[in-house]
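Each remark here refers to the structure printed beneath this line.
The values are calculated or read from the model by the stated rules, or taken from the named source; none is laboratory data. It should be emphasised that the depicted structure is a prediction, and the values quoted were computed from it without experimental measurement. Reconstructed Cβ throughout: ideal geometry from the backbone, glycine too, with neighbour counts over all protein chains shown.
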Amino acid sequence: MVFVWLDNLKACVFGVELNWWRHHEETRFSVLVVAGLAGLMWLVQGFDSGVGEYGVSMHWSVFVIYGLFYYFTSINLEKNGVIGSKNVFISFILTGFCLAMFEWFWMLNYYMFYGESWILFHNSHILPNTVLTVAGLAAIFYVNTLAQRTYKITSVITLLMLAPSIIWMMIGFPQTCYPQADGTIVYIENNRVHLLNVLAKGGVTWWVYETIKKIGVKVGLTQS
């Protein structure tokens, strides 16, 4: 299998091992450190802050939410025998898939509530989102072929996860950043709206994580 080959691949320059992908525990810890640093920057720079310009750049919350998704997905895979490069790559692929799911969610709602059809048909995010979605579905199918469906989640927990998204849609899908077809962004600072955005993103991420476990990621997989 390709993962066995990757785990055994020798990649060393001047005594420095480059094949980090074979060390899933170290990679997981590194992702957690990045998420922690992003959380610190989020605290220091402000609630609506991000990598670049305040309010309109990639928010620090993205690194925190999806970093935690990666961390717990990797742990869940390890518990079921998925280690090494298989753990690293599947965890990254599923994290990208989760991110794409939320991107589709907000773009669809932006189109429905504000009539901005370009967001779904003439948007640079469409291609990478499609790639991440297809790759994620392939990874889910791959692990699901060996699944034993024993995982259950209650409807109460499901409602709790998706409640912020439901509220967000019911009040008209307000945002702090309104992208325009010409590439500009209309920014309206509102920390209450941004809080709802963050909770919705976290809730959808949690829901995707639990759903993936339910359909087959939480199973005993071999390293081969």
* Conditions: (1) over 18 Å from I140 (Cβ atoms); (2) of a type in the set (A, V, I, L, M, F, W, C); (3) assigned to a helix (DSSP H, G or I). F47 meets all but one. Number of the miss? -> (3)
* Asked: Any chance the stretch 193-206 includes a residue that's in a loop (DSSP other than H, G, I, E, B) and charged (D, E, K, R)?
  -> no
* From W5, W20, W42, grab the single residue that is modelled with pLDDT under 80 and closer than 23 Å to L99 by Cβ. => W20
* Just for the stretch 45-61: of the residues that are surrounded by fewer than 20 Cβ atoms within 10 Å (Cβ to Cβ) and touching a helix residue (DSSP H, G or I) at 6+ places or on another chain (Cβ under 8 Å), which one is farthest from A100 (Cα to Cα)? -> Q45
* To do: Would you confirm whether any residue within the stretch 156-174 is over 23 Å from Y110 (Cα atoms) and modelled with pLDDT under 85?
  => yes
* Asked: Taking the stretch 123-155 on its own, how many of its residues are touching a helix residue (DSSP H, G or I) at 6+ places or on another chain (Cβ under 7 Å), at pLDDT below 90, closer than 18 Å to V204 by Cα and in a helix (DSSP H, G or I)?
  -> 1
* **Unique match (being surrounded by fewer than 17 Cβ atoms within 10 Å (Cβ to Cβ) and at pLDDT 95 or above) among N190, N197** => N190
* To do: Only residues that are in contact with a Gly (Cβ under 7 Å, 6 or more places away or on another chain) and either among the hydroxyl-bearing types (S, T, Y) or touching a residue at least 60 places away in the same chain (Cβ under 8 Å) (or both): list them for the stretch 1-50, please.
  => F3, D7, R22, H24, D48
* Asked: Tell me, which residue of the stretch 203-224 that is surrounded by fewer than 19 Cβ atoms within 10 Å (Cβ to Cβ) and at pLDDT below 50 is farthest from L159 (Cα to Cα)?
  -> S224
* Structure fact -> Of the residues in the stretch 63-99, those that are crowded, with 17+ Cβ neighbours inside 10 Å, of a type in the set (V, I, T) and out of contact with any Asp or Glu (no Cβ under 9 Å at 6 or more places or on another chain) come to V64, I65, T73, V82, V88, I90, I93, T95
* **Where a residue in the stretch 188-207 is on the phi > 0 side of the Ramachandran plot and its partner, wherever it lies, is surrounded by fewer than 20 Cβ atoms within 10 Å (Cβ to Cβ) and not in a loop (DSSP other than H, G, I, E, B), with Cβ under 7 Å and at least six apart** => none
* Taking the stretch 71-86 as the region of interest, how many residues are closer than 16 Å to I140 by Cα, outside any loop (DSSP other than H, G, I, E, B) and β-branched (V, I, T)? -> 1
* Asked: Within the stretch 102-110, is even one residue part of a helix (DSSP H, G or I), touching a residue at least 24 places away in the same chain (Cβ under 8 Å), out of contact with any Phe, Trp or Tyr (no Cβ under 6 Å at 6 or more places or on another chain) and of a type in the set (D, E)?
  -> yes
